[in-house]
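Some notes on the structure that comes next.
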Amino acid sequence: MPSDTNTATSYATASTSTAHDELRRLESGLDALQTVPLTERGAFRRTLDGVLPPVLLLLALVVAWQFYTVIADPRPDLYPGPLDVAASIAELWGDGRLQQAVTTSLSRGGAGFLIAVAIGTPLGLLLAEWRLLRRALGPLLSGLQVLPSVAWVPAAIIWFGLTDATVYFVVLMGAVPSIANGLVSGIDQVPPQLRRVGTVLGASRSQLATLVILPAALPGYLSGLKQGWAFSWRSLMAAEIIAMGGSIGFGLGSMLQQSRELADLPAVLATILIILAVGILVELVVFAPVERRLLRRRGLNPGVHR
Amino acid sequence: MNTTTDAPVATPATLAAAGTTSAAPAIRIEGLGKRFGAAGPVVLEDINLTIEPGEFVCLLGASGCGKSTLLNIIAGLEHPTTGTVTVTSGSAAVMFQESALFPWLTAGRNVELALKLRGVPRARRRTQALELLDLVNLADAAHKRPHELSGGMRQRVALARSLAQDRKVLLMDEPFAALDAITRDLLHEELERIWRETGRTIVFVTHNVREAARLGQRVLLMTSRPGRIVNEWRIDDTGPRRIESPEVSRLAIEITDQLREEIRRNAV
């Protein structure tokens, strides 16, 4: 009897181990069938695809503009052509005003944005986790997001005079609500299931926040940061246009206003183009790569083809 | 508990219960009731249940019968209104219908996070995670992110993650409900194998009668409004079964008949 049982057992073990191997092969086969390898285009091709269309469109617009000035021959002081604007940019560059304005504005915009991040992030965290505060402050913050921050310029000038404080105040009033709200909506959109899993896995409150909720909220936070930067840049320009002189340095907004006072339309248009270009450049150089990486890692990138 | 069955594969509960050891049960539920809010509907009523260590129990019922609520209460995610729940080993691992993997982490890191939260030192996490992934035949996919995996693979990573918790009790809330039939069939086999290898106590919630008849050593049928356990079937464990087998079919028919009977009672 015992020997009988023994053979039966060893037979059973052998059969289960082959059955196991078979199961593994079956599973691997199914896995291979059900997963489609991601085909991602190379970096060069992706850049080409991203850069070429807007550049071509821009070129077409400039050519059309040039044709218009040549064919219709309008008053050059009211409707300058692209060549006039280009000459104006060269002149601004030549006397150093362009470099000075870009440096001043960009450093102020960057510093203002970083301060706004430092204020908006903890504020957003507080709002997301403290329900009472959110009920009280939430609507106000959303309202502030709608209020054009230019509206603060007169008050800021009265409070702080023509100093950098005025500029920073206006920038912060524009950017902080966006950043805080972005983080709040990012946290709101964290799937409740992920929190539950975190709890089930035994995460403490702080572990849940740092290991689950914050990483999960990152895409929402990033879009809040992007919007925050856009608001910073806009508010900065508005503040620089209105508040000139005093100890406020010479920024792009000041250059715009100065050109208007001189009725130098090519310089005005040149400055507008530069403000636009700086905004696009910051988006392309700073935010786009971070966002692409973040979304691609989560399989949320529309640029990846299955 | 009115055990009325005399199907060939199912033996009366009393007989099987007599054979169990005197060791402490893995889960003991006494007089459990649950209602949401003071005046809300009664979701669960008078649930009494003892689950032995190493048992594979299927909790079966129509949608809305409170089976998931019962599972959440055992998991400690919700609290009972009346009665007590004791999980002898302290706490339980849980697996949900959605894999709920963290999308920003690779499969390997997802498992490692569970190990980290359990307190496994950093040096040992990587190898342990790989071992666990190998247990579900996914060691090669450790570097992949959840969106690169198929639904079945994601559930297997989730299974590896819940095994990483190293709890004696594993609670599963319709873990295969969203999968196609072929994949589900394979995962049944996988789960059964892991259950036999690891000796875990498994409570498996499902609305799929065949699934319950295929997997469970014991199938508990729940009714709705209020949720109660109305019947149970014990199935002789004679090694792995197949979902297509006549025994499973026969049992499934019997359970379905009673399930329908219970549902008919709710007709106005």
Can you list the helices (runs of 4 or more DSSP H) lying wholly within the range A:73-170 that have 3 or more residues being at negative phi, without any contact (Cβ under 8 Å) to a residue 40 or more places away in the chain and among the hydroxyl-bearing types (Ser, Thr, Tyr)?
none
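Within the range A:279-289, is even one residue assigned by TED's automatic domain parsing to the domain that holds A:Thr163, assigned to a helix (DSSP H, G or I) and under 30 Å from B:Ser99 (Cβ atoms)?
Within the range A:279-289, the first condition is being assigned by TED's automatic domain parsing to the domain that holds A:Thr163, and the residues that meet it are A:279-289.
Cutting the leftovers down to assigned to a helix (DSSP H, G or I) gives us A:279-289.
Still in the running and under 30 Å from B:Ser99 (Cβ atoms): A:289.
Checking the range A:279-289: at least one residue is assigned by TED's automatic domain parsing to the domain that holds A:Thr163, assigned to a helix (DSSP H, G or I) and under 30 Å from B:Ser99 (Cβ atoms).
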Given (1) closer than 30 Å to B:His188 by Cβ; (2) modelled with pLDDT under 80; (3) under 42 Å from the mean Cα position of the chain (by Cα), where does A:Asp77 come up short, assuming only one miss?
(1)
Hey, can you tell me all the residues within the range B:165-186 that are buried (at least 24 other Cβ atoms within 10 Å of the Cβ) and over 19 Å from B:Ala26 (Cα atoms)?
B:Pro175, B:Phe176
Consider only pairs whose beta carbons are under 9 Å apart and that are at least six residues apart or on different chains; among these, list those whose first residue lies in the range B:53-67 and is assigned to a strand (DSSP E or B) and whose second residue is at pLDDT below 80.
B:Phe56/B:Asp237
So which residues in the range A:184-208 are surrounded by fewer than 17 Cβ atoms within 10 Å (Cβ to Cβ) and more than 10 Å from chain B (Cβ to nearest Cβ), if there are any at all?
A:Ser185, A:Asp188, A:Gln189, A:Arg205, A:Ser206
Mind checking which residues of the range A:210-237 are free of Cβ contacts under 8 Å to residues at least 24 places away in the same chain and either more than 14 Å from chain B (Cβ to nearest Cβ) or out of contact with any Phe, Trp or Tyr (no Cβ under 9 Å at 6 or more places or on another chain) (or both)?
A:Thr210
If you check every pair at least six apart or on different chains, which have Cβ atoms under 7 Å apart with a residue in the range B:88-107 that is at the interface with another protein chain (Cβ under 8 Å from one of its Cβ atoms) first and a residue that is of a type in the set (Phe, Trp, Tyr) and crowded, with 18+ Cβ neighbours inside 10 Å second?
none
Among what's in the range B:139-164 and is facing chain A (nearest Cβ under 10 Å) and surrounded by fewer than 20 Cβ atoms within 10 Å (Cβ to Cβ), pick the residue that is nearest to B:Leu191 (Cα to Cα).
B:Gly151
Please work out if B:Ser162 is touching a strand residue (DSSP E or B) at 6+ places or on another chain (Cβ under 8 Å) and either outside the structural domain of B:Val205 (by TED's automatic domain parsing) or farther than 24 Å from B:Thr206 by Cα (or both).
yes
Take the residues of the range B:161-176 that are of a type outside the set (D, E, K, R) and out of contact with any Asp or Glu (no Cβ under 9 Å at 6 or more places or on another chain): which is nearest to B:Ile51 (Cα to Cα)?
B:Val169
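The values are calculated or read from the model by the stated rules, or taken from the named source; none is laboratory data. Source: prediction; values computed, not measured. Here the Cβ is made from the backbone with ideal geometry for all residues, glycine too, and neighbour counts use every protein chain on show.
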